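Please read the structure below before turning to the comments.
The values are calculated or read from the model by the stated rules, or taken from the named source; none is laboratory data. All figures in this text were calculated on a predicted structure; none of them were measured in a lab. Counting neighbours? That spans all protein chains shown, and the Cβs are built from the backbone with ideal geometry, glycine included.
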Amino acid sequence: MRRAIVVIPTYNEAENLPLLVPEVLSQDERLEVLVVDDNSPDGTGKLAQELSDRNPRVHVLHRSAKQGLGAAYRAGLARALELDADAVFQMDCDFSHPPSVLPLMLEEIETHDVVLGSRYVNGITVVNWPIERILISWAANKYARFVTGLPITDITGGLRCVRSDLLAKLGFERIRSDGYAFQIEMNYRFVKHKARIKEIPFFFVDRTRGESKLDLRIAIEGLWICWWMRVADLFGRL
């Protein structure tokens with residue numbers, strides 16, 4: 001891999017972004033960052049632009065308004081392909097996805113099409129979540145795996161690295177779901193394209209700065225999208 005771009009969607013992440021970007025870039029000289037900001041009221045977009053002005057390895061995609069995680073990722077993945085990346089990462093801005101795992105993912109993507117960070121492949125590696133949230137997340141994964149039949153342990157996880165040639169033919173631009181549902185549908189498409197998938201464990205640590213973007217609408221979408229994908233796939237409309 002000659003060039004890997006880490007796509008980081010942001011909305012009100014002014015506390016985290018200036019800390020995260022240097023840490024990501026320090027992991028490997030091939031890594032670059034693409035910040036996709038949804039016009040954050042707290043000035044995250046301005047901070048991202050300042051980082052980009054100082055470092056050519058940082059790119060910014062400014063969007064006019066908050067339109068959801070899925071929309072941000074669709075725009076970011078498309079931009080990463082335009083920038084001629086060999087591999088593209090998806091990563092949260094709140095440090096729940098540790099930058100220290102990126103070198104291992106870079107190593108594994110040399111022999112796989114997709115590398116997924118997993119919270120459940122070696123037991124449950126989640127830190128600072130209340131037990132009820134862990135149980136809900138674990139149950140949601142079990143439910144999604146049962147409905148979709150996907151052989152992936154952490155089907156709703158958001159940390160991944162994908163080879164650009166797979167992304168280019170995946171049809172991710174047709175995905176209309178957000179939140180967990182976006183991650184589930186991406187994984188479904190990976191499996192349908194017979195991608196070589198590798199899951200690696202990491203410790204997911206709950207954010208200590210800023211506020212979570214998870215809400216009830218996103219959770220409900222994750223429940224029904226599993227059935228929609230099965231039906232759409234059955235009729236060739238995925």
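I'm trying to understand the selection: among the residues of the stretch 62-110, which are in a strand (DSSP E or B), under 16 Å from the mean Cα position of the chain (by Cα) and closer than 24 Å to residue 38 by Cβ? Hits for the stretch 62-110 are 88, 89, 90.
Considering only the stretch 84-100, I want to know if a residue exists there that is more than 30 Å from residue 194 (Cα to Cα), polar (S, T, N, Q) and buried (at least 20 other Cβ atoms within 10 Å of the Cβ). No, there is no match, as no residue in the stretch 84-100 is more than 30 Å from residue 194 (Cα to Cα), polar (S, T, N, Q) and buried (at least 20 other Cβ atoms within 10 Å of the Cβ).
So which residues in the stretch 43-81 are under 29 Å from residue 176 (Cβ atoms), out of contact with any Phe, Trp or Tyr (no Cβ under 9 Å at 6 or more places or on another chain) and of a type in the set (Lys, Arg)? Correct list: 63, 79. Candidates 84, 53, 92: the one that is without any contact (Cβ under 8 Å) to a residue 12 or more places away in the chain and either over 18 Å from residue 116 (Cα atoms) or in contact with a strand residue (DSSP E or B) (Cβ under 8 Å, 6 or more places away or on another chain) (or both) is 53.
If only residues of the stretch 1-44 that are outside any strand (DSSP E or B) and of a type in the set (Gly, Ala, Ser) are counted, the one that is surrounded by the fewest Cβ atoms within 10 Å (Cβ to Cβ) is 26. Applying the criterion of being among the aromatic types (Phe, Trp, Tyr) and under 20 Å from residue 226 (Cβ atoms) to the residues of the stretch 121-169, the residue that is modelled with the highest pLDDT is 146. Scanning the stretch 149-204 for residues that are touching a helix residue (DSSP H, G or I) at 6+ places or on another chain (Cβ under 6 Å) and among the aromatic types (Phe, Trp, Tyr) yields 172, 180, 182, 188, 202. Within the stretch 13-39, residues that are closer than 16 Å to residue 49 by Cβ reach partners that are aromatic (Phe, Trp, Tyr) and crowded, with 23+ Cβ neighbours inside 10 Å with beta carbons closer than 7 Å, at six or more positions or on different chains, in the pairs 38/11. Of all residues in the stretch 170-181, one or more are of a type in the set (Ser, Thr, Tyr), within 17 Å of the chain's Cα centre (by Cα), modelled with pLDDT under 90 and in a helix (DSSP H, G or I).
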